[in-house]
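Student: So that we are looking at the same thing, I have put the structure below in structure tokens.
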Amino acid sequence: MDLEQTNQESGLSLQDIFTIMMRNWILILSFTLLLGVVTFGYVTRFVSDQYKSTSEVLVQVPLTGTSVDTNTLLNSQRLIDTVPQLVKSDYIIDKARVSNLFTNNSHQEILAGLSNEQIKSKLSVESSNTSFIIRISYRHSNEDFTQVMTQVITTVLIENDVDLFKDSFTQLSAASSPIDDSPNRILYMIIGLMGGAIIGTGLAFVKHLFSNTYMTKEQLEQGTGMQVIGVIPEFEVKEGKRK
């Protein structure tokens, strides 16, 4: 009995929480559907399809005689670690801008409308400590431009005129056909529905905090200091058949 009273004084029980949610199910459901509809509208209107194209480049290991010594492997690994920074540098991007590899006028217009920072944000380079192969990828909403941009960046990297990196790269595969790499719209919807449910539930408990009603006779006795003599049960009254 003392344990039950302690639980009641410490806060809401699981039954109270369930009761509050059931009493406010319309409020919770309304916010869930509302935020779900808003999220669907946002995803449909503002989240555009994104395409991704990837090329593969091999980092050449300079040989000294017929063997590969430790320093050669170490320098090659340092080169691999430097490539992502080189590919996403202003030097490579500016070289790509002035190259004659963009033969389509619409592609040139798209490129002109992009800043270097915008290009860098869509450009990615994957490298590994266990491989001499790097993968260069670019993402954009224009499918054709995505593939062309990936190939241009790769070509500029291979044909660079930096003494340290000359003849250091060999292209293994051309820029691949773009694949749909759009954001996960279903995930957006799930997050929106969950967010609406959380907001609705939160408002239901805020509403309960400002309510001056008692949910159980124990709460009534504790709040008023008086003993409850009787409780009127809930029951349904069925109407009799009219004669």
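Laboratory data are not the source of any read-out in this text; all were calculated from the coordinates shown. Here the structure is a predicted model, which is why all the values come from computation and not from measurement. Note that we place each Cβ from the backbone using ideal geometry, even for glycine, and neighbour counts take in every protein chain shown.
Student: How much FRET efficiency would the formula 1/(1 + (r/R0)^6) give for Leu203 and Gln108, where r is the Cβ-Cβ distance and R0 is 51 Å, rounded to 0.05? Present the calculation step by step, with values, prior to reporting the outcome.
Tutor: On the way: r = 53 Å, r/R0 = 1.03.
Between Leu203 and Gln108 the formula returns 0.45.
Student: Still on this model: Towards the positive end of the charge dipole of the range 51-180, with charges on Cβ (+1 Lys, Arg; -1 Asp, Glu), say which of Ala175, Asn160, Ser128 has the farthest Cα.
Tutor: Ser128
Student: Relative contact order of the range 51-180: what whole-number percent is it, with Cα pairs under 8 angstrom and at least 6 residues apart?
Tutor: 47 percent
Student: Please give me, ordered by residue number, the trypsin sites (Lys or Arg not before Pro) of the range 135-218 that lie in loop per DSSP and have at most 15 other Cβ atoms within 10 Å.
Tutor: Lys166
Student: Just to check I understand the Karplus step: with θ = phi - 60° and J = 6.51 cos²θ - 1.76 cosθ + 1.60, what whole-Hz values come out for the range 165-173, glycine and proline as x?
Tutor: 10, 5, 6, 9, 10, 10, 6, 8, 9
Student: Continuing with this model, one more query. Could you give the size of the charge dipole of the range 51-180 about its Cα centre, using +1 on the Cβ of each K and R and -1 on the Cβ of each D and E, expressed in debye and rounded to the nearest 20? Display every interim value, and only then the final one.
Tutor: Working: 10 positive and 15 negative charges, 37 e Å.
Computed charge dipole of the range 51-180: roughly 180 debye.
Student: Still on this structure: Just to check I understand the Karplus step: with θ = phi - 60° and J = 6.51 cos²θ - 1.76 cosθ + 1.60, what whole-Hz values come out for the range 44-51, glycine and proline as x?
Tutor: Working through the residues one at a time gives 5, 8, 10, 9, 8, 5, 10, 10 Hz.
Student: Continuing with the same structure: May I ask you to evaluate 6.51 cos²θ - 1.76 cosθ + 1.60, the Karplus curve with θ = phi - 60°, for each residue of the range 26-37 and list the ³J(HN,Hα) values in order in whole Hz, giving x for glycine and proline?
Tutor: 5, 4, 5, 5, 5, 5, 4, 5, 4, 5, x, 5
Student: At a Förster distance of 25 Å, what's the computed FRET efficiency of Asn100 paired with Gln171, Cβ-Cβ distance as r, to 0.05?
Tutor: 0.85
Student: Taking 7 Å along the Cα-to-C-beta vector as the label spot, tell me the Met21-Val47 distance in nanometres, rounded to one decimal.
Tutor: 2.6 nm
Student: If you don't mind, another one. Suppose R0 equals 30 Å; then what is the FRET efficiency for Ser30 and Asp181 from their Cβ-Cβ distance, rounded to the nearest 0.05?
Tutor: 0.30
Student: Now a separate question. Go through Ala112, His140, Val59 and say which Cα lies farthest out towards the positive end of the charge dipole of the range 51-180; charges sit on Cβ, +1 for Lys and Arg, -1 for Asp and Glu.
Tutor: Checked the options; the winner is His140.
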